[in-house]
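Following: one structure in structure tokens, then a few remarks.
The values are calculated or read from the model by the stated rules, or taken from the named source; none is laboratory data. Note that the structure is a prediction, hence the values are computed from the model and not measured. Cβ atoms come from the backbone with ideal geometry, glycine included; neighbour counts cover every protein chain shown. Accessible surface areas use protein heavy atoms only, side chains included; no ligands, DNA or RNA. Shrake-Rupley method; radii C 1.70, N 1.55, O 1.52, S 1.80 Å.
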Amino acid sequence: MRLSRPARILLSLVILCAPAAAVAQNTAGVGTIAGMVRDADGTPVGGVRVCLVGSERCAASGTTGSFEIAELRPSSYQLLIEPAGQPPIASDPVEVRAGYTAQVEVTLPKLEAVQQTITVTAPALRLPEEVKSSAQVILPGEVFSSAGALQDVSRYVQALPGVAIGSDDFRNDLIVRGGSPLENLFIVDNVEIPNINTFANAASAGGSYSILDAALLQDVTFLTGGYPAPYINRTSSVMQITQREGSRTRLQGRATVGFAGAGFVGEGPIRGGKGSWVVSMRRSFLDLFTDDVGIGGVPVSYTFNAKGVYDLSPADRVWIVNLTGRDSIRLGATQDVADPTSELNNFDIRYEGWRSATGLNWQRLFGARGVGLLGVSYSDASTTSAVKDLLAFGIPPPDVPIDDVIVATPASFGEQSREQETTLKYDLTSYAPVLHKIQAGGSVKQFRLTYDIAQPYGYDSPYSPVPNQNPITLKTAFTAWQSSAYLQATEDLTRRLNVTWGARVDHYQYISQTRVSPRLAGSVQITDRVAWKASAGVYYQQPFFVFLAAFPENGATRPFRADHVVTGLAFSGSGGLRLTAEVFVKHYRDYPVSTQYPSVSLANVGDTFNVREILFPTTSAGRGRVRGVEFYAERRTGDRWFGQANLSISQTQHAGLDGVLRPGSFDYPLIANVVGGHRFNRKWEASTRISYLSGRPYTPFDLAASTAQNRGIYNLAQVNAARAPDYFRWDVRVDRTFTVRGQAVIVFAGAQNLTNRRNWSGYSWDRRANGPRFDEQLGLFPVLGIDWRF
């Protein structure tokens, strides 16, 4: 475009290329474009109109040069920049993501400039007003291509600040700032998912790998403390996942082979581009080649993801999502075992699981006044499992075939459980002259629960010198309700001080409890690059229903509470650099603790595939505290390379019924991670990940008592007093892109635990040798895969 003035005007629109200090809560499904207009000398310029091409949506820069166009649906938008007295010039597309603010910089050049092109790079994702601290954004390419992640979002998150890897590299549990893996909330496209993982049970939030296909990810928001009021209560973290839309222009597909199995992704338009659909189907394939991978069987899993989006009108959009996973496995003894001393080989374990969640959402834009989001969802999870302890009645003679031993041994534990959940929720975001941004909403949940659990011989708890504790015959079906509401406001008290305040109320019908949770957060922009941020809040969580139903006295358990306080500094530099330092404190109270074993808190038992060890009578008398400091450095340079490093120093303590604070089972005093990747050219890409964790606590055995009963019995005078060896793992991955008939085919190879270090896994009692045993994790593990896009 040639301008009418004698000199041409250079208008450069530069959109910073690295995400800023994190992410938004997506309770409305919309995003924002905001920015600053400056002249060539960096002075803010007011009165410049910024409009969306093909729309009537416009904003004018104020006296400080700032502008904002809010309530935009996820899409690509061109900006029309209109300097006073000059013809407008359109920018390249700016990508808007749900729940994020795309931060742009507009520079008006000196009049004598002669260049007229407009430069647009990837937008920076600005921290939204209501999220002040402890937040991270994860982009899909990082999950799909990062070493060590195995294309699993939870495994990638394990390398973020304050998150610890669990005791088993083949599980993806999230241990966030010393909290139990049971304390995390998962939301996918405005649908709350009880568990997004395969090989899970009714008392778990982790699993082997995610049901979610990384090929469908749009972005992930991960909040680790002080999060705002709209989220239903969890006491440690919130993971909010947005899946991408399918193509609105043409049919296309993608085939993948990786750790989770072989899969296919298909997508295409609906009614000429008014909507789109995308589906993913995956199946594990190891069972096609062998019937035993060294654990007595082979895991078999099927997963299905789908999303459909349709625009009813310019103001109305609907979308539907589904996540489904089905899995089965057999674990335990076989006739020929590599390690007969392993405790696993003393059992016969059979498991089948099914999890599915479907949600329908209707989004209504109210112009500049706000946006409303109505959602209804249904989830269904069932678990069938049986456990036989082949040594429960003594060590069988060595000449008896193992199949005969399995047939002759009665089941020590059996479960057929089903949990169904229906949710109706509404979220409203609006703007008012005084309070600026107001968010309000509520939800009603109905739970239909069926438990058929049998533990006829009890359980040999290592905390008890008396064997066969707590025999269970639980056969019940019931309906429970939970309702909630919240109100939150965000406003600028001064030009540099922004405050968010709010509260939520939750009613737990099954245990007849109501709780109010206040929240307060603030940020001070010290300079253009440095900000001080702080947040505080009260968070409650009801124990899982299976815990409440297991014993009559457990029905009197109250929601446990965690008080969060977080404060720190954030620095945003040039070239996509971001540095943060945060101090955090969590205080727990009313945590469920054992009434039989005074030192045992459910906070220390955590997430486990073995339900038997976490069913015991409880009361709400536990307390705990977590305190620490986190340092984080991140740099992203477009799609060429990314890197992040973090260091966490913390202390986690919990007390049982005896009131004695001891190191928590998830107390890792020092955690350090380095993750990075680089795209050398269009053909080659490499990534690496290094993780270090100081040793986790464990309780040594009382050798005399254990030897006398030939089972592990803890020394209760040293609960969590010993420390395991430190954990170290180095992962690498290399990707090579080929072009086949004009389509990209990516072949990748790598290794988990490149140094072949045998990290500590657990402490068990070898009942065949009648002595203690330190268990190790897997050593070097190769990773291979292919991704074909067509």
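Just a few scattered comments:
- In the stretch 453-465, the residues that are under 21 Å from residue 351 (Cα atoms) form Cβ pairs under 9 Å with partners that are open to solvent by 50 Å² or more (accessible area, probe 1.4 Å) and assigned to a strand (DSSP E or B), at six or more places apart or across chains, as follows: 453/416; 453/473; 453/475; 454/473; 454/475; 455/473; 456/473.
- Residues being under 27 Å from residue 785 (Cβ atoms) and in contact with a His (Cβ under 7 Å, 6 or more places away or on another chain) - total across the stretch 209-245: 0
- Among the strands (runs of 3 or more DSSP E) confined to the stretch 721-788, the ones with at least 2 residues that are at pLDDT 95 or above and either over 30 Å from residue 663 (Cβ atoms) or within 28 Å of the chain's Cα centre (by Cα) (or both) are located at 727-740, 743-752.
Here is a yes/no grid of residues against (1) in a strand (DSSP E or B); (2) in contact with a Gly (Cβ under 9 Å, 6 or more places away or on another chain):
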| residue | (1), (2) |
| --- | --- |
| 202 | no, no |
| 206 | no, yes |
| 221 | yes, yes |
| 228 | no, yes |
| 231 | no, no |
| 235 | no, yes |
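- Any chance residue 308 is outside any strand (DSSP E or B), under 28 Å from residue 55 (Cα atoms) and open to solvent by 10 Å² or more (accessible area, probe 1.4 Å): no
- Positions within the stretch 622-646 being open to solvent by 60 Å² or more (accessible area, probe 1.4 Å), in contact (Cβ under 8 Å) with a residue 40 or more places away in the chain and within 26 Å of residue 567 (Cβ to Cβ), in sequence order: 625, 627, 631, 635
- Within the stretch 737-790, the residues that satisfy the criterion of being among the charged types (D, E, K, R), in contact with a strand residue (DSSP E or B) (Cβ under 6 Å, 6 or more places away or on another chain) and closer than 22 Å to residue 262 by Cβ are 787, 789.
- Some residue of the stretch 140-160 being modelled with pLDDT of 80 or more, open to solvent by 10 Å² or more (accessible area, probe 1.4 Å), outside any helix (DSSP H, G or I) and farther than 15 Å from residue 212 by Cβ: no
- Lone qualifier among 729, 733, 758, 768 - being touching a residue at least 24 places away in the same chain (Cβ under 8 Å), charged (D, E, K, R), out of contact with any Pro (no Cβ under 6 Å at 6 or more places or on another chain) and open to solvent by 70 Å² or more (accessible area, probe 1.4 Å): 768
- Top-ranked residue of the stretch 294-310 - restricted to ones that are β-branched (Val, Ile, Thr) and touching a helix residue (DSSP H, G or I) at 6+ places or on another chain (Cβ under 6 Å), ranked as nearest to residue 324 (Cα to Cα): 300
- Within the stretch 290-299, tally of residues that are surrounded by 17 or more Cβ atoms within 10 Å (Cβ to Cβ) and farther than 30 Å from residue 358 by Cβ: 3
- Residue satisfying all of: in the stretch 226-266; open to solvent by 10 Å² or more (accessible area, probe 1.4 Å) and of a type in the set (Val, Ile, Thr); modelled with the lowest pLDDT among these: 232
- Some residue of the stretch 275-289 being over 25 Å from residue 30 (Cα atoms) and in contact with an Asp or Glu (Cβ under 6 Å, 6 or more places away or on another chain): no
- Residue ID - nearest to residue 640 (Cα to Cα), chosen from residues in the stretch 666-716 that are aromatic (Phe, Trp, Tyr) and part of a loop (DSSP other than H, G, I, E, B): 680
- Boolean, residue 452 is among the acidic types (Asp, Glu), touching a Lys or Arg at 6+ places or on another chain (Cβ under 7 Å) and surrounded by 14 or more Cβ atoms within 10 Å (Cβ to Cβ): yes
- Residue in the stretch 277-289 that is farthest from residue 789 (Cα to Cα), counting only those that are open to solvent by 50 Å² or more (accessible area, probe 1.4 Å) and assigned to a loop (DSSP other than H, G, I, E, B): 289
- For the stretch 483-506, the set of residues classified as touching a Phe, Trp or Tyr at 6+ places or on another chain (Cβ under 8 Å) and either not in a strand (DSSP E or B) or not polar (S, T, N, Q) (or both) consists of 489, 502, 503, 504, 505, 506, listed by residue number.
- Among the conditions (1) crowded, with 17+ Cβ neighbours inside 10 Å; (2) closer than 19 Å to residue 375 by Cα, the only one that residue 316 does not satisfy is (1).
- The residue pairs whose first member lies in the stretch 543-557 and is aliphatic (A, V, I, L, M), whose second member is open to solvent by 10 Å² or more (accessible area, probe 1.4 Å) and part of a helix (DSSP H, G or I), and whose beta carbons are closer than 7 Å, counting only pairs six or more residues apart or on different chains, are 548/555.
- Out of 263, 246, sole residue that is farther than 30 Å from residue 625 by Cβ and in a strand (DSSP E or B): 263
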